[in-house]
1. Looking at the stretch A:275-295 only, could you name the residues that are more than 22 Å from the chain's Cα centre (by Cα) and open to solvent by 20 Å² or more (accessible area, probe 1.4 Å)?
2. Where the second residue is among the β-branched types (Val, Ile, Thr) and open to solvent by 20 Å² or more (accessible area, probe 1.4 Å) and the first is farther than 16 Å from residue A:250 by Cβ and lies in the stretch B:136-158, which pairs have Cβ atoms under 7 Å and are six or more apart or on separate chains?
3. Quick one: count up the residues across the stretch C:353-403 that are out of contact with any Asp or Glu (no Cβ under 7 Å at 6 or more places or on another chain) and among the β-branched types (Val, Ile, Thr).
4. Exactly one of (1) free of Cβ contacts under 8 Å to residues at least 24 places away in the same chain; (2) on the phi > 0 side of the Ramachandran plot is unmet by residue C:474. Its number?
5. Taking the stretch C:488-512, which residues are open to solvent by less than 10 Å² (accessible area, probe 1.4 Å), touching a Pro at 6+ places or on another chain (Cβ under 9 Å) and either of a type in the set (A, V, I, L, M, F, W, C) or at pLDDT below 95 (or both)?
6. Scan the stretch C:396-421 for residues that are open to solvent by 20 Å² or more (accessible area, probe 1.4 Å) and within 13 Å of chain B (Cβ to nearest Cβ) and jot them down.
7. Determine whether residue A:105 is out of contact with any helix residue (DSSP H, G or I) (no Cβ under 6 Å at 6 or more places or on another chain) and crowded, with 24+ Cβ neighbours inside 10 Å.
8. Conditions first: (1) open to solvent by less than 50 Å² (accessible area, probe 1.4 Å); (2) over 29 Å from the mean Cα position of the chain (by Cα); (3) away from chain C (no Cβ under 14 Å). Residue B:61 passes all but one, so which condition is the exception?
Amino acid sequence: MADYGQIDSVTIAPELPARAPEPVAERGESLFARHVSEFMRAPGAVGGLVVLVALVLTAVFAPWIAPQNPYDLSQLDIMDNVLKPGEKLGSGITAWLGTDDQGRDMLSAIIYGLRISLAVGASSVLIACAIGASIGVLAAYAGGRVESVVMRIVDLQLSFPAILVALVLLAVFGRGVDKVVLALVIVQWAYYARTVRGSALVEKRREYIEAARCLALPKPRVVFRHLLPNCLPPLIVVATVQVGHAIALESTLSFLGVGVPVTEPSLGMLIAHGYNYLLSGKYWISTFPGVALVIAIVAINLVGDRLRDVLNPRLAR
Amino acid sequence: MLVYLIRRIGQSLLVVAVMATLVFLAMYAVGDPVDILASPDADEFERRAIAQRLGLDRPLWEQFGIFVWNALHGDLGRSFVYNVPAVDVILQRLPATLELALAGLVFSILIGIPLGVLAGLKPNSLIGRSVMSGSILGFSLPNFWIGLMLILLFAVELRWLPAGGRGPTTSVLGLHFALFTWDGLKHLLLPALTLALYKSALVIRIAQAGTREVMLQDYIRFARAKGLSSRRIVLVHVLKNILIPVVTVLGLELGSMIAFAVVTETVFAYPGMGKLLIDSINRLDRPIIVAYLMLTVVIFVIINLIVDLLYAAIDPRVRLSEAKG
Amino acid sequence: MKQGIRRLALVAMPFAALAAAPAAAQELRIGLASEPTSMDPHFHNLGPNNALRKHIFEGLVTQDAEQKIRPELASSWRTLDDTTWEFKLRPNVKFSNGMDFTARDAIYTVCRVPTVENSPSSFTVATRGIVGMEAPDPHTLIIKTASPQPLLPNSMATLGILSAQANGAENVRFRAGGCEGLGTPPKSVEFNEPAKAIGTGPYKLANYTRGTHIVLERNETYWGQKPHWQKVTFRPMSSQGARVAGLLAGDVDLIENPPIQDFERIKGAGFEIAEGLSNRIIYIHLDQFNDPNWKTPGVKGTDGKNPFLDKRVRQAVSKAINRQAIVERIMGGHAVPAGELLPYPLFGATKDFPVEKYDPEGAKKLLAEAGYPNGFEVTLGTPNDRYINDEKIAQAVAQMLTRVGIKTNVDAMTASTFFTRRNKFEFSMYLAGWGADTGEMSNSMNALVVTLQPDKGLGGTNRGRYSNKQVDELVLKAMATVNDEAREKLLQEASKLAMSDYGIIPLHFEVTPWAFKKGLSYKPRVDQYTLATEVAPSGS
């Protein structure tokens, strides 16, 4: 069972070098360029990146791409409901992927649903990352009692399954996109705190921090201008993978009926709507949004997986 | 060690107490159970009487006090809906969920280890790479959707397996299990497979990494040099070495699997604890929700405690005096 | 199909020709949509509990499939004056443990009801008005009420009679506010034991395992016509899919509430479906609270005014809704468009009561007349797991209202949250349903349109706070009129008045389906109960 919130230490453990170490990059090549060329070496990851960019563009430009605005009720007609893929709506549009029980064109609903899913995933990760990273780096810098209390809370939070915590939170909050994001932030911040604190502990002992301290730079400046940027690579890896997890978690919550509102369905809610029709052979309502969801998550994970290999300093290169 | 033990147990108790308070307050905020329980034509008089009977008319702190007092006596309240102790209702559903979680574990081992070892032995072959890519898919596929697709394929199209529910049970030691009948197994297959998906991806990763590590060890080279068949090398040496991490990780995951069964049980309408939780949230049966969450908290705290103690016992690097982060 | 479900569709409607006669099996297995919460007949006033209760415990009177009152343990009854009733009880009736049934048992039952502990929804609703009970002889029962209660027989129909003797209360005497000689009334859990669940009904409890099954055995000493099935097993199967799968696999013989979208599959597999009109109306309530300090919560674009106080707006809402389309597209034809709150032929309903015609142009015109030519915005609250397709109906209604200019958002939530919020008046417009338990109009009218006055027990579910003095007067008068004919007239008049004032917007009546294997038949009941006694091998 996927605990979408959690990245197991095992899964991010460095893989053993599969091939002989790559030749050292030529002098003068920037670290970034080296990472890019390193990334491009994996065709799967490049494919994932291309798909991901395409999906994001589709989501951003949804109003111009989708045949119908599925959230505008005056464009829907209940007489069009549960049409098979390829049938025509009353308004003359062809529903290439069929319609759902409210007469929504599935293709349009998927495009708009993707928009919500990606937005929820990305925004919850950004917020959780900002909060978690700040807490983590501050804890590492402060050390002592503060650190051990913070890390105790982090451990505690991580020991509970994200889905269960989010479920209970949303049962209390009620439905709404903002509430889903809030719940996702609450279940996610601890990962970033732990990740950042781990690398910050290492960085803290480095000379440049010592130097910064000796110069008597103000504490916040040391923490946020010097310490934090150097903890970024692992953070980027965790955040990328977490976007995929957040999207999966959101769709699961919506499927369970505690996620987004019904008139603005995300992919998960579209799947849930189709669930009732599945047994009677009307497969398209559940299947197509599911395929879209899976493509999005797999693309994100392929990219994240490769980023991990590229950015993980523990890998011998 | 004793000081550490006492300290850890104290921390665990604190966690349970904090969670109890949070859970109780959260449930208090959700809604008014009287609205759900009262017969639709109950008037205000009747509604007040219901609130009084269930103790809902008392101030919050008093309700909480009663809850704490009873909880300390091992009583987590009576279900509003069934009028029996909430713990009893949950325990009645426990065998179904345990059965599901165990079947899921077995599946994840049966799928994960052979594939993982295969990928570990031939890391650069097509098979090895496909398996590893496949494991990414395993991490990515949302569990509920996989469940739906399995239903679509095996129940709707092929009609080989039932679409949901639990098969007939037989009574073993007073508990009802569906494991021992053919029909029961048929009902268990799809949900267990769904539940196992993510874990098998995990097992593949561990097994692959472990296998690659082992294959580079000197004793494997010796074994090869001695002329042992690769079959024997894999079955004895490799398996022995990867089993420990696999079992450790899966042991840790058993608790989470029971909790995650919430989704799988909902998809397959499987009458376990997870389904009970969702139903109880819908019916606002507060005592059951609170009891379920408290049981989960206790289970997780105990698992964590055991793990920490084991680590402390095994790994001398863990500084006992200082509670590890 | 659609034409089939009309007023007279209260009779079974098997879809396929009846084939071979059933095998001689004397066991019937039923898949229940929701499990009774207790075996105690007085614990929880809830459909599944009451349906099960009818197998084991009988009432003085009973309601038939159309909720008409029929004799059961009482063979006849009459009013001596407006507040005094005399019931003549059937002689020679024995409880399943062999004890005699007498008037004392009825008194004991009324006395025991208020003593049930932790009842989530108590039967005191039925016993509260009773101020005196006497038994001049063992088979005559006199009941006195505080005020005229024409519905006393309906109340008595909800109470399963317990044995006073079996519970050690031979000398029970009725006293208002606490009976004498009651002994120690049994606790609810005790009824889980077959030996304790003693009634006069056609079946006896044989085994009860919560969540797994309830097994009944035929009561061989039953006074009335003995039921066909020797053994009946109820299996709770709350998931629709599992219930259908169970039926198709032959695990059960009959299931409650098969999902509409599965009808074709069920019939295709050689099973039959019977369906009948229910007493449940699906309606929309509009916030009509007329108070200077009240700002309706879910309306935007009206400068703070509550548009629903204007009758023209309410009428526009009603005209904008295409009830036929909802019934056809969302309910798959398995519902009946409604013009008032109770379907004919139930008591107080009018034959051929007109259903509002779909007229979007007329609706726009009315909105313009009312000063909203550009419409306004409103949020429609709805539960999403309470009534058949509730959330989908709400979304369809939102589409239709948006078309005429009332931009409608749907706020769907689980029933528990919905009812909590509705009871706090958090919606300007909400969709809900009402099943008239008593099967007559005063119940629906009192619940939904009489002015909300909690202290008097009036208008309890009128959370749109519609208030019309004339309607109130007519309903209250009806509720105190013991003469049936006069009462029905008053109720019909009240209903007509409330509907023409658009105090509430009725949508449709639910139709309750049952699915079963070939060779059985089931007579659908308005109260949606599933009774094994009503399942017959076809042809018999």
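1. A:275, A:276, A:277, A:279, A:280, A:281, A:282, A:283
2. That search, which allows pairs on different chains as well, returns B:136/A:298; B:137/A:298.
3. Going through the stretch C:353-403 one residue at a time, the tally reaches 5.
4. Residue C:474 satisfies all of (1) free of Cβ contacts under 8 Å to residues at least 24 places away in the same chain; (2) on the phi > 0 side of the Ramachandran plot except (2).
5. If the condition is that a residue be open to solvent by less than 10 Å² (accessible area, probe 1.4 Å), touching a Pro at 6+ places or on another chain (Cβ under 9 Å) and either of a type in the set (A, V, I, L, M, F, W, C) or at pLDDT below 95 (or both), then C:507, C:509, C:511, C:512 are the ones that fit.
6. Within the stretch C:396-421, C:414, C:417, C:421 qualify.
7. Values: out of contact with any helix residue (DSSP H, G or I) (no Cβ under 6 Å at 6 or more places or on another chain): yes; crowded, with 24+ Cβ neighbours inside 10 Å: yes.
Yes.
8. (1)
The values are calculated or read from the model by the stated rules, or taken from the named source; none is laboratory data. As the structure is a computational prediction, the values presented were derived from the model and not from experiment. Cβ sites come from the backbone with ideal geometry, for glycine too, and all protein chains shown count toward neighbours. The area values use the complete protein model at the heavy-atom level, side chains included, leaving out ligands, DNA and RNA. Shrake-Rupley method; radii C 1.70, N 1.55, O 1.52, S 1.80 Å.
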